[in-house]
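Shown next, in structure tokens, is the structure this report addresses.
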Amino acid sequence: MLTIRNLSVYYSNIQALQDVSLSVEEGEIATLIGANGAGKSTLLKTISRIHPLTRGDINFLGHDLTKLSAAQVVKAGISHAPEGRRIFPEMTVLENLEMGAYTKGSSFRNNLDRVYRIFPVLKERREQLGETLSGGEQQMLTIGRALMATPKLLLLDEPSMGLAPTLVRTIFDIIQQINREGTTVLLVEQNASMALSIAKTGYVIETGRVILKDTARNLILNPQVREAYLGKRATSLKQSKGARL
Ligand code: ATP
């Protein structure tokens, strides 16, 4: 569904991504794990054309995304729920959701109904200002707003950031539900253990480079990943089935 080849991205003269290649299959949850500053958010911003690329190819269902604007990427079927609950604080919940829909046509009502079904609290609070929501509710609004554009592929940037553990579980359950209902997900997370527990495929990114790609199952068993990202002591190397790139 999404294929990225040899992507290089800079901020002025600082290289944030170096020769990154990855792919996301239709229907799956793929996750990108890595430490602070590894380049995860930059990758999502580059896919959604918020940040320019210097080199590389990005293909999504036959579209060359490098030739599209950010708005055209949304129309092609990719929505981005950014890091840090970027809601509009002085707009109501409903107005925030309207901002995510690029049309007020017939799909608008269906999408709104779907968002309210997935996040009943957003329906209850639809007339409240965004700034009055709790952190978890703001995170739900960020994801809900992204769903309003009927994405085929949802880019999620750190949805668990700053949330209490019980809410983290809820958000991850909801991500699985959205995926089961037919939306492919590319999930960026520092909570590697939760991300790998729901993903099919995982990528590990370090200082702008993809250093490992494997099934999420194998990454969970990989001693390097266990030690660096899952807070567990490395066990037998024989358990590692991860292919070092
Ligand atoms: P985090 O989890 O902290 O968001 P990340 O893996 O998403 O980390 P990015 O935010 O993509 O990492 O940052 C990748 C690199 O690019 C880092 O070295 C970061 O300092 C740098 N960077 C990110 N945004 C900018 C910017 N606007 N200007 C300059 N450098 C930036």
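Laid out as a table, the results:
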{"item": "Hey, Ala38 within 9 Å of the ligand (Cβ to nearest atom) and hydrophobic (A, V, I, L, M, F, W, C) or not", "result": "yes"}
{"item": "Single match in Val188, Val225 (criterion: among the β-branched types (Val, Ile, Thr) and not in a strand (DSSP E or B))", "result": "Val225"}
{"item": "For Met194: the one exception among (1) part of a helix (DSSP H, G or I); (2) more than 17 Å from the chain's Cα centre (by Cα); (3) of a type outside the set (Gly, Ala, Ser); (4) modelled with pLDDT under 95", "result": "(2)"}
{"item": "Candidate set from segment 161-185 (those that are over 24 Å from Gly37 (Cβ atoms) and assigned to a loop (DSSP other than H, G, I, E, B)); member that is nearest to the chain's Cα centre (by Cα)", "result": "Thr183"}
{"item": "Criterion: more than 30 Å from Ser193 (Cβ to Cβ), touching a residue at least 12 places away in the same chain (Cβ under 8 Å) and small (Gly, Ala, Ser) - qualifying residue of Ser69, Ser79, Ser41, Ser48", "result": "Ser69"}
{"item": "Filter pass, Leu22 being within 13 Å of the ligand (Cβ to nearest atom) and within 24 Å of Ile198 (Cβ to Cβ)", "result": "no"}
{"item": "Contacts under 6 angstrom Cβ, first residue in segment 175-199 being within 12 Å of Glu158 (Cβ to Cβ), partner part of a helix (DSSP H, G or I) and of a type in the set (D, E, K, R), 6 or more apart", "result": "Val188/Lys40"}
{"item": "One residue from Glu131, Glu127, Glu90 being part of a helix (DSSP H, G or I) and open to solvent by 10 Å² or more (accessible area, probe 1.4 Å)", "result": "Glu131"}
{"item": "Out of Ser8, Ser48, Ser23, sole residue that is modelled with pLDDT of 95 or more and over 14 Å from the mean Cα position of the chain (by Cα)", "result": "Ser8"}
{"item": "Elements of type strands (runs of 3 or more DSSP E) contained in segment 1-71, each with 1 or more residues being open to solvent by 30 Å² or more (accessible area, probe 1.4 Å)", "result": "2-11, 14-24, 55-60"}
{"item": "Flag if Glu90 is more than 19 Å from Leu147 (Cβ to Cβ), away from the ligand (no atom under 16 Å from the Cβ) and modelled with pLDDT under 95", "result": "yes"}
{"item": "Qualifying positions in segment 154-184 - under 22 Å from Thr46 (Cα atoms) and among the hydroxyl-bearing types (Ser, Thr, Tyr)", "result": "Ser160, Thr183, Thr184"}
{"item": "Selected residue (criterion: nearest to Ala35 (Cα to Cα)) from residues of segment 195-211 that are surrounded by fewer than 21 Cβ atoms within 10 Å (Cβ to Cβ) and not acidic (Asp, Glu)", "result": "Thr207"}
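The values are calculated or read from the model by the stated rules, or taken from the named source; none is laboratory data. What you see is a predicted model; the values in this text were computed from it and never measured. Heads up, the Cβs are rebuilt from the backbone with ideal geometry, glycines too, and the neighbour counts pull from every protein chain shown. Just the protein is used for accessible areas: all its heavy atoms, side chains included, with ligands, DNA and RNA removed. Shrake-Rupley method; radii C 1.70, N 1.55, O 1.52, S 1.80 Å.
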